[in-house]
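Asker: This is the structure I have questions about; it appears just below.
The values are calculated or read from the model by the stated rules, or taken from the named source; none is laboratory data. Model, not experiment: these values are computed from the prediction. Positions of Cβ are generated from backbone atoms using ideal geometry, with glycine treated the same way; all protein chains shown enter the neighbour counts. Protein only, heavy atoms only, side chains kept; ligands, DNA and RNA dropped before computing areas. Shrake-Rupley method; radii C 1.70, N 1.55, O 1.52, S 1.80 Å.
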Amino acid sequence: MIPNDEVIELLQSLIRNACVNDGTPDSGHEHRSAATLQGYFGVDGTIVEGHPGRQNLIYRVPGSNPAAPTLLLIPHLDVVPASDGGWTYDPFAATRADGYIWGRGALDMLNVTSSMAAIFKRYLDGSLPPLPGDLVFAATADEEAGSVLGAELLAEEHWDLVACDYLLTEVANPSFETPSGPVLPVTVAEKGPAWRRLSTRGAPGHGSQPYGSRNALIPLAHAISRLAEAPTPVDITDEWRTFVVGLELPDDLTSRLLDPDLVDGAIDDLAVDDPIFARWVHACTHMTITPSGLHSGIKSNVVPEDGFAEVDVRKLPGQDETDVNDHFRKVLGPDLDEVDIDPIVTFPANASPYEGLLWEAIGDAAEELAGHRRLLPAITPVATDARFFRARGVTAYGVGLFDDEATFGGMLAMFHGDDERVSEESVRRTTAMLERTVARFGELS
Ligand SMILES: [Zn+2]
């Protein structure tokens, strides 16, 4: 049994290191938390640094049977910035109060990072016997800005260090209550970014005489409003179907949530009581389109000669780049064919099968610790480090175990939001869940 205070103190150190990734290469400073973890383990690991200070830390404990599958624990070290104000406690003080640890990263995902480190330490120092296969620990940089200096770098250029068959990473979610008891979501799939840049060209002129001018801002503004208002393509995936059925909602709501023609009305109904959950349901059933930037003009009295907009697009498993392009062209229509559409960031949506060795290990751990093995395959709308590994055939999941008060909607609200916090009990349960999952994976290997 791993002492909970040990995990909580490590979590506090990682929060206080403030490895804030604002998207610029000089932010992040993950070397601080790489140093904390090396001190905690008492053994130096392998550092991969894609930019000064942007450190990934990797260890491998060899297994006893070369033919057995390798398991990778891959948590990230960076966090997103915190707003000024809006927090009860300083987001980087890691205050322990009211049964919670408060701070940026408490849920995304330094809680899991700490639990995984505490478990891995036992294998590293030999106090737990080695698994049949290798056990690898890779704490990554830059997850919050596309993983270019983190998991992508490791998978593309240092595969020998992180090669694996199975992995555990984010997202760990609280259970849902259903009429026949709790069900535990396990993240098995994620949407694929398909970000676009829209650009226009006009001709400069004096702002006092607009008649007949070619103002680059006008078609761009039309394009954005059409994209924001048009319904986006629906895809009911197998993961979604299994997830919704497992929630044991009223029959009518279940069938509407699984019907491409009725799902929008069902989401509107859900939004009355739970707008945050409704937003997530929408993201799990639709290609989403979020205009996220607009840049044009140099001065109040000059007709803009060019402009561009950025659009965050996320496609579901089953949707591809062609679907995105077709949707954009259809919505913009022939009168806006002057708007150029170019990809910025694209990556396929990806999913792991919800069966097999690691799935069974998670089910066994849940049965032992939560008294049931009812797992729901969940899609996450966000991109995680798992995608670079699923692309290489690795089975990847995110799982944890939370206290009885934690709710799925509450968790969604705290991800990248104010007053992010995790309870001491959730830390304890997540450590136990992951510890038992790793051990059971070894027993089943
Ligand atoms: Zn995360």
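Asker: Cβ-Cβ distance below 6 Å, separation of 6 or more or different chains: which pairs start in region 358-384 with a residue that is aliphatic (A, V, I, L, M) and end on one that is within 16 Å of the ligand (Cβ to nearest atom) and assigned to a loop (DSSP other than H, G, I, E, B)?
Answerer: Close Cβ pairs satisfying both conditions: Ile362/Val399.
Asker: Right, something else. Filter region 344-358 down to residues that are open to solvent by less than 30 Å² (accessible area, probe 1.4 Å) and over 30 Å from Ala309 (Cα atoms) and give me whichever is nearest to the chain's Cα centre (by Cα).
Answerer: Looking at the filtered set, the residue picked out is Ser352.
Asker: Something else about it: Considering only residues that are within 16 Å of the ligand (Cβ to nearest atom) and open to solvent by 50 Å² or more (accessible area, probe 1.4 Å), which ones fall in region 149-159?
Answerer: Selection gives Glu152 alone.
Asker: Still on this model: Determine, yes or no, whether Gly146 is at pLDDT below 95 and within 16 Å of the ligand (Cβ to nearest atom).
Answerer: The answer is yes for Gly146.
Asker: Report, by residue number, each residue of region 383-418 that is under 18 Å from the mean Cα position of the chain (by Cα) and under 18 Å from Pro275 (Cα atoms).
Answerer: Scanning region 383-418 gives Thr407, Phe408, Gly409, Gly410, Met411, Leu412, Ala413, Met414, Phe415, His416, Gly417, Asp418.
Asker: Let me ask something additional. Do you know which residues across region 278-294 are open to solvent by 10 Å² or more (accessible area, probe 1.4 Å) and β-branched (Val, Ile, Thr)?
Answerer: Across region 278-294, the qualifying residues are Thr288, Ile289, Thr290.
Asker: Which one of these does Pro185 not meet: (1) within 16 Å of the ligand (Cβ to nearest atom); (2) in the same structural domain as Arg421 (by TED's automatic domain parsing)?
Answerer: In the conditions (1) within 16 Å of the ligand (Cβ to nearest atom); (2) in the same structural domain as Arg421 (by TED's automatic domain parsing), Pro185 misses (2) alone.
Asker: Can we say Ala386 is modelled with pLDDT of 95 or more and out of contact with any Leu (no Cβ under 6 Å at 6 or more places or on another chain)?
Answerer: Yes; evaluated as a whole, the condition is true for this residue.
Asker: For region 412-424, which residues satisfy the criterion of being under 23 Å from Ile74 (Cβ atoms) and surrounded by fewer than 22 Cβ atoms within 10 Å (Cβ to Cβ)?
Answerer: Leu412, Met414, Phe415, His416
Asker: Given the conditions (1) of a type outside the set (Gly, Ala, Ser); (2) assigned to a helix (DSSP H, G or I); (3) open to solvent by less than 60 Å² (accessible area, probe 1.4 Å), and given that Asp269 satisfies all but one, which numbered condition is not satisfied?
Answerer: Condition (3) is where Asp269 drops out.
Asker: May I ask you to say which residue of Leu131, Leu57, Leu110 is within 16 Å of the ligand (Cβ to nearest atom), open to solvent by less than 50 Å² (accessible area, probe 1.4 Å) and modelled with pLDDT of 95 or more?
Answerer: Unique residue meeting the criteria: Leu110.
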